Amino acid sequence: MSVARREAADILGASETLDPQDWDELRAQGHRMLDDMIDYIAEVRERPVWQPIPDAVRGQFQQALPRAPSALGDVYGEFSELIAPYATGNVHPGFMGWVHGGGTAVGLLAEMLAAGLNANCGGRNHMPIEVERQIVRWVRQLFGFPETASGVFVTGTSMANLMAVLVARTATLGTEVRQRGLGDAGLTAYTSVAAHGCIAQAMDLAGLGRDALRRIGSDHAHRMDLAALRARIAEDRAAGRRPFLVIGTAGAVDTGAIDDLDALAELCRAEKLWFHIDGAFGALGMLSPQIAPRLKGLERADSIAFDFHKWGQVQYDAGFLLVRDGERHRETFAAPVAYLRRETRGLAAGSPWPCDFGPDLSRGFRALKTWFTLKTYGTDKLGAMIERTCALAKYLEATILAEPRLELLAPVALNIVCFRFRGDDPNPLNAEIVADLHESGIVAPSTTTIHGALAIRAAIVNHRTDVQDVDALVEAVLRFGTARAK
Ligand SMILES: *Cc1c(COP(=O)(O)O)cnc(C)c1O
């Protein structure tokens, strides 16, 4: 035995791998977990959508760092008792809050497979990267983008919007901006008052500042007012500012409204501005032959941000950014460093890598659950499911219009319905009704404010939501509303 080997014997003698001593025991535990999670989804209707977390349960998560090991079965017991019953509830068909996808059983299994491979999809020459490239090709096809367009998975549309602002900035000012910073470039961007809050945050994080985002008013249908947009651009140019970016919305978070994307594309071409679309949930409306014509102009955007984890029902998280000019996209993020050297063969081949198209280096295998979802269901079925959520929203709208105690607060453009229970002092009343609904476990809509009116907002995104859930929502609103209005 060498001296080095003998000196190391103490530490090398003990087995410190994290693999189990007994694989059969782990296998049995794993099968129980998988069965339980399949039941969790299959039997979701038998549980409340959401339930308040008891203080005692919250209190269990105030413990000291666990220095000693615990049996896997015991830790799983804590998961089953303390975590699983108190999840968000978006798996449940009665969940109608914010814009949350429901996930699928197929996505659950795909996540397990991805975890087994534990691939790092930042780069290098391996098949998981090819899966992501396959999705990029499919997304190009879906949105009518050229082969030179690039795409990359990110956490969500908030991140994708931020990255789009950065690509537009670099395209406008040139790659020197990456070295020198913005200086006093005076860049201004434009979006509608109905745009998602993450767009103002993107301007903030990009160092352009929230004030440089002009919030343009919207029309009766909650679409960006084009005359006002044109006027504001002219005003900014006259004042020596540098307009560079217009952000249209395909599916506004409050109401589902779709900006006139074709007109915005035309305006951006004439004004030589970058045209980005926030299509967080709405862009996947392209999967439905009924909705696709209403997204006309999407195919003319310079970039599109959207989520597979909303209408696409892919498990969280699976955001995506598509950029027409892939070279501009790469120029914004690629950074040559010695330890990421590219080769023409071996594991370091296959450049460019996903890490050249965004700020993340280490990245999980989001493409796999998306690939499984698209292939297993097929896009026709996903499109029909999306269409059905819109039909349910129309059914809810018709029910509200036929019920004198309820008032519709915004036109129903897609799958989002904003309404309220009529009564004295309706804003606090409707806020209480929504909290009652959550605590009842029957349904979980959220709220928003439409022209000063607090609205009960039902966003029908989950593929499990059905007529009975819409009926349950209306029935419960009337019941809680009547009880509170007394
Ligand atoms: C959900 C949403 C976002 C934010 O997307 P995340 O995936 O939550 O980051 C942005 N814009 C719109 C219109 C949305 O609906």
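The values are calculated or read from the model by the stated rules, or taken from the named source; none is laboratory data. Since we're looking at a predicted model, the values are computed, not measured. A quick note on method: Cβ atoms are made from the backbone with ideal geometry, for glycine too, and the neighbour counts reach across all protein chains shown. Remember, those area values only see protein heavy atoms, side chains included, never the ligands or the DNA or RNA. Shrake-Rupley method; radii C 1.70, N 1.55, O 1.52, S 1.80 Å.
In the set Thr188, Thr255, only one residue is within 16 Å of the ligand (Cβ to nearest atom) and assigned by TED's automatic domain parsing to the domain that holds Glu271; that residue is Thr255. Can you confirm whether region 223-230 contains a residue that is within 16 Å of the ligand (Cβ to nearest atom) and in a helix (DSSP H, G or I)? No, there is no match, as no residue in region 223-230 is within 16 Å of the ligand (Cβ to nearest atom) and in a helix (DSSP H, G or I).
In a residue-by-residue description of region 320-337, the property of being crowded, with 23+ Cβ neighbours inside 10 Å, of a type in the set (Asp, Glu) and more than 19 Å from Phe372 (Cα to Cα) applies to no position. Applying the condition of being of a type in the set (S, T, N, Q) and in a loop (DSSP other than H, G, I, E, B) to region 257-307 and asking which residue is surrounded by the most Cβ atoms within 10 Å (Cβ to Cβ) yields Ser288.
One residue stands out among those in region 191-219 that are assigned to a helix (DSSP H, G or I) and small (Gly, Ala, Ser): the one that is nearest to the ligand (Cβ to nearest atom), which is Gly197. On inspection, Asp254 passes the criterion of being modelled with pLDDT under 95, open to solvent by 20 Å² or more (accessible area, probe 1.4 Å), of a type outside the set (Phe, Trp, Tyr) and under 17 Å from Asp219 (Cβ atoms). Assess whether Asp302 counts as being away from the ligand (no atom under 13 Å from the Cβ), touching a strand residue (DSSP E or B) at 6+ places or on another chain (Cβ under 6 Å) and not polar (S, T, N, Q). Taking the combined requirement at face value, the residue satisfies it. Part of a loop (DSSP other than H, G, I, E, B) and in contact with a helix residue (DSSP H, G or I) (Cβ under 9 Å, 6 or more places away or on another chain), is that true of Ala413? Taking the combined requirement at face value, the residue satisfies it.
Please tell me if Thr482 is within 30 Å of Asp259 (Cβ to Cβ), part of a helix (DSSP H, G or I) and more than 29 Å from the chain's Cα centre (by Cα).
no
Scanning region 357-377 for residues that are charged (D, E, K, R) and either open to solvent by less than 20 Å² (accessible area, probe 1.4 Å) or assigned to a helix (DSSP H, G or I) (or both) returns Arg363, Arg366, Lys369, Lys375. Ala444 passes every criterion in (1) farther than 17 Å from Ile400 by Cβ; (2) surrounded by fewer than 24 Cβ atoms within 10 Å (Cβ to Cβ) apart from (2). Taking region 53-93 as the range and being out of contact with any helix residue (DSSP H, G or I) (no Cβ under 9 Å at 6 or more places or on another chain), open to solvent by less than 40 Å² (accessible area, probe 1.4 Å) and closer than 30 Å to Gln21 by Cβ as the test, only Gly77 passes. Can we say Glu78 is among the charged types (D, E, K, R), touching a residue at least 40 places away in the same chain (Cβ under 8 Å) and part of a helix (DSSP H, G or I)? Judged against the criteria, Glu78 is not a match. Only a single criterion out of (1) closer than 30 Å to Thr465 by Cα; (2) assigned to a helix (DSSP H, G or I) is not satisfied by Arg27, namely (1).
Of everything listed in (1) part of a loop (DSSP other than H, G, I, E, B); (2) in contact (Cβ under 8 Å) with a residue 24 or more places away in the chain, the single unmet condition for Gly183 is (2).
Considering only region 160-185, how many residues are within 11 Å of the ligand (Cβ to nearest atom), of a type in the set (A, V, I, L, M) and in contact with a strand residue (DSSP E or B) (Cβ under 6 Å, 6 or more places away or on another chain)? Total meeting the criteria: 1.
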